[in-house]
Amino acid sequence: MEKQLSHFDPKTSRAKMVNVGHKSETVRKATTRCIMHISQELTDILNQGTLEKGDAFTVAKTAGILAAKQTGQLIPMCHPLSVNVVDIEIALIVPENKIQIQTVVETTAKTGVEMEAIVAASIAASTIYDMCKAVDKKIIISKLGLLEKTGGKSGRFYNDEMEWDRL
């Protein structure tokens, strides 16, 4: 059976917002991951805590949390959701000149929080780029995607391609 895109009206060929009014509220959780590739110079600066603009990771976490809460205003077909929690972990992987970002967003709602988690990770990464671009303009933000989601009618989804050892 072919899956239908829920944000696409096959009759009119136009985008549409999905009606979630009939769905039950359940606890829903999404985890996303993102990798940033950075220079040795930036790795050293971040490791030593000597970035001129300050603590990039704390600012990025704050920006990611704020962004997750605004997703319904940023992505046209997303429903505005009240989130129960947004947790963002950012790790500097010194030997590999990488930054790992993981976001977890949870809500009790009629629709999932995958987009809130993806927006949180992308804005956290973008904030790090903004704070570090004076040192390294070649930063690459890559491998942003959903690791896991739980809740709702479809239950659990797990994407093993987003495991750290595969990124």
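For the reader, a short list of remarks on this structure follows.
- When region 20-60 is filtered for residues that are surrounded by fewer than 19 Cβ atoms within 10 Å (Cβ to Cβ), assigned to a strand (DSSP E or B) and at pLDDT 95 or above, the ones remaining, listed by number, are V27, H37.
- Of the numbered criteria (1) crowded, with 20+ Cβ neighbours inside 10 Å; (2) in a strand (DSSP E or B), the one T108 fails is (1).
- Of all residues in region 137-157, those that are part of a strand (DSSP E or B) have Cβ atoms under 7 Å from Cβ atoms of residues that are modelled with pLDDT of 95 or more and loosely packed, with under 14 Cβ neighbours inside 10 Å, 6 or more apart or on another chain, in E148/Y158; T150/R156.
- The set of residues from region 22-61 being hydroxyl-bearing (S, T, Y) and touching a residue at least 60 places away in the same chain (Cβ under 8 Å) comprises S24, T26, T31, T32, S39.
- Looking across region 62-121, not a single residue is modelled with pLDDT under 95 and within 24 Å of D44 (Cβ to Cβ).
- Hey, K149 crowded, with 20+ Cβ neighbours inside 10 Å, touching an Asp or Glu at 6+ places or on another chain (Cβ under 8 Å), among the basic types (K, R) and within 17 Å of T32 (Cα to Cα) or not: yes
- Once region 75-94 is narrowed to residues that are touching a residue at least 24 places away in the same chain (Cβ under 8 Å) and surrounded by fewer than 13 Cβ atoms within 10 Å (Cβ to Cβ), the residue that is nearest to T26 (Cα to Cα) is S82.
The values are calculated or read from the model by the stated rules, or taken from the named source; none is laboratory data. Treat the numbers as computed from the prediction; the structure is a model and nothing was measured. Neighbour counts are summed over all protein chains in view; Cβ atoms, including those assigned to glycine, are modelled from backbone coordinates with ideal geometry.
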